[in-house]
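**Q** Dumping the structure here so I can ask a few things about it.
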Amino acid sequence: MRSKGIFLLLVFSALTAYYVYSPIPDEIEERWKLMITDCFFRSLSHLADFSELLGLKDYMGVMMFITIAEGVVPVSDERVRVTEEVFDGVGVVVYEPGQQGGDGELRRAVVYLHGGGWCLGSSRMGPYDLLARQLVSELNAVVISVEYRLAPEHHFPVPFEDVYRVIKHFLQRQVLAKYSVDPGRIAVSGDSAGGNLAAAVTQQLQQDPEQQVALKAQALLYPVLQALDLNTPSYQQNQEMPILPKTLMVRFWSEYFTSDKSLFHAMMSNSHNSLESVGLLKFVNWSAFLPESFRSPYNYSAPAAESLDPSRTIAAIIDPRASPLLVPDSMLHALPKAYVLTCEYDVLRDDGLMYVTRLRRAGVDVTHEHYSTGFHGALMFTMWPTDFQIGHKMKDNYIHWLKQNL
Ligand SMILES: *[C@@H]1O[C@H](CO)[C@@H](O)[C@H](O)[C@H]1NC(C)=O
Ligand SMILES: *[C@@H]1O[C@H](CO)[C@@H](O)[C@H](O)[C@H]1NC(C)=O
């Protein structure tokens, strides 16, 4: 019995050492805290792989543990009134300023889309609930936090379409009037995969001839913006970075599109492009869109595009509703002003940087905040025991921008 206990202890310490000493750049603040947080994420991910291998529960099913563990029931308090509603068939949590504006004063609104790689996450998670409340209090705004359906149960375009339906519903004049929202002061915002959905719906609304109320701003927090090139300098530099290693991001992409595992392997080696991608590679050409300091010392080579068996071609890969970077400049110039947050230690850094360049060249007013010691997901790490100073700083700056620009 005793030797078994010692053996388990040894295995446990070996694993801990292995996890905890994963390389984390010295520049990152509160390194130890991040190592421990990452240790937890990695362990869960390994457990999820193991569970899928044994046929017990699929990978994302196990990873959902994080969403459930951080789950909250959003409730009203003296400052914020919370209601759960359904907008055109999709669940939303509506946060409104506590005192009903009896003076008829119109308020700003933020439609918020949570992150989690289209597969995880919920508006009913502690950090998202907290963020929504802060937006309400600090901006005197109405916040619509969207509970879109998730992959792999609901592949693309379901999550996108859910969000689009919610926005279309909300932007109707009588609905805005019901919530005392000023039609001229509405933003869409989201982090990570939520930033992807935010960018995509902003573009698609612009193309919608029926749409009368326009968005005033979009705010994208370390967004995912393209699936054609998964070997940008930031993917190369940060492939083992905490919270979102390349394998996890590629997993999210592939599960967003399909349950066929072969796409994951093709994406890992950046060999998932078909001949249909060729004409679009210019829109994600990091050699053309990244500032020099982020490009060097990497050497650009365009991802290989092969003629794939039509049964294996996944049309969604080239769909701009999944990869908003794939639209031509003519679809960018009329977009509302934008806030884009990027982090140095993030595989998605270059997605954000490329969008900043492309939007600016198209004449869009863009505020870009780059955190040179930031890591992916930091803005949601603002609650004990995983609260990081940089997360608080990001949140303050983001809310400050909305205050000034919405
Ligand atoms: C990418 O950009 C570089 C430099 O601007 C250019 O030389 C190259 O032909 C481009 N490649 C593609 C695939 O667009
Ligand atoms: C890029 O190319 C140069 C010259 O061929 C080479 O010296 C350098 O090592 C390459 N960089 C990378 C990251 O492969």
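The values are calculated or read from the model by the stated rules, or taken from the named source; none is laboratory data. Note that this is a predicted model, so its numbers are computed, not measured. Because the Cβ atoms are built from the backbone with ideal geometry, glycine has one as well, and the counts that use them run over all protein chains shown. Ligands, DNA and RNA are stripped out before the accessible areas are found, and what is left, the full protein with its side chains, is counted by its heavy atoms. Shrake-Rupley method; radii C 1.70, N 1.55, O 1.52, S 1.80 Å.
**Q** Relative contact order for the chain: what percent, with Cα pairs under 8 Å and sequence separation of 6 or more?
**A** Value for the chain: 15 percent.
**Q** Which far-off residues, 5 or more places away or on another chain, put their amide H under 5 Å from the one on S274, with H placed in the peptide plane?
**A** Hits under the 5 Å cutoff: E306.
**Q** Evaluate the relative contact order of segment 135-233 (contact order divided by residue number), counting alpha-carbon pairs under 8 angstrom at least 6 apart; express in whole percent.
**A** Computed value for segment 135-233: 24 percent relative contact order.
**Q** Can you send over the solvent-accessible area of E276, 1.4 Å probe, protein chains only, in Å² to the nearest 10?
**A** Using a 1.4 Å probe on the heavy atoms, I get roughly 110 Å².
**Q** What list of ³J(HN,Hα) couplings, whole Hz, do you get for segment 268-275 from phi and the Karplus terms 6.51, -1.76, 1.60, once you set θ to phi - 60° and write x for glycine and proline?
**A** 4, 9, 6, 10, 9, 7, 9, 4
**Q** What list of ³J(HN,Hα) couplings, whole Hz, do you get for segment 372-381 from phi and the Karplus terms 6.51, -1.76, 1.60, once you set θ to phi - 60° and write x for glycine and proline?
**A** Whole-Hz 3J(HN,Hα) from phi for segment 372-381: 6, 10, x, 10, 4, x, 4, 5, 8, 8.
**Q** Hey, can you grab everything whose amide H is under 5 Å from the amide H of Y371? Only 5+ residues off in sequence or another chain; H modelled, so Pro and N-termini drop out.
**A** Close amide H contacts, sequence-distant or interchain: T342, C343, E344.
**Q** Aspartates and glutamates near K282 by alpha-carbon distance under 14 Å, same-chain residues fewer than 8 away left out - which ones?
**A** D229, D329, D351
**Q** So what J values fall out for segment 322-330 if you push phi through Karplus, 6.51 cos²θ - 1.76 cosθ + 1.60 with θ = phi - 60°, rounded to Hz, Gly and Pro as x?
**A** So the Karplus estimates, Gly and Pro as x, are 9, 10, x, 5, 7, 7, x, 4, 4 Hz.
**Q** OK, next. E27 to A214: extension gain in nm, 0.36 nm per residue of separation minus the Cα-Cα distance?
**A** 63.2 nm
**Q** Here is the link list: K168/K216; K246/K393; K337/K393; K57/K246. Which ones come out longer than 20 Å on Cα distance?
**A** Check vs 20 Å cut-off fails for K246/K393; K337/K393; K57/K246.
**Q** Counting only protein heavy atoms, what percent of the accessible surface of the chain is carbon or sulfur at a 1.4 Å probe?
**A** 56 percent
**Q** Further question: Can you tell me which of C119, C343, C39 moves the most in a GNM of the chain? Springs connect C-alpha atoms under 10 Å apart.
**A** Top of the fluctuation ranking is C39.
**Q** Antiparallel DSSP bridges in the chain: what percent, to the nearest 5?
**A** Among the beta bridges of the chain, antiparallel pairing accounts for roughly 35 percent.
**Q** Considering amide H positions built from the backbone, and no H for Pro or chain starts, which residues 5 or more places from V111, or on another chain, come under 5 Å of its amide H?
**A** When sequence neighbours closer than 5 places are left aside, the close amide H contacts are I144, A187, V188, S189.
**Q** In segment 175-280, which trypsin sites (Lys or Arg not before Pro) are in a loop and have at most 16 other Cβ atoms within 10 Å, using DSSP for the loop call?
**A** Those satisfying the criteria are K261.
**Q** Still on this structure, please answer the following. Write down the accessible area per residue of segment 263-406 in Å², having rolled a 1.4 Å probe over the full set of protein chains.
**A** Accessible area per residue: 42 Å².
**Q** Between S293 and S51, what length comes free when the chain is fully extended (0.36 nm per residue of separation minus the Cα-Cα distance, one decimal in nm)?
**A** Net length gain for the segment: 82.9 nm.
**Q** So which helices of the chain fit the span-like rule, where a helix is a whole DSSP H run, its Cα atoms reach 15 Å or more along the axis, and its mean Kyte-Doolittle is at least 1.0?
**A** 2-20, 59-69
**Q** From the C-alpha gyration tensor of the chain, pull out the three semi-axes of the equivalent ellipsoid (sqrt of 5λ each), sorted largest to smallest, in whole Å.
**A** The answer is 33, 27, 21 Å, longest axis first.
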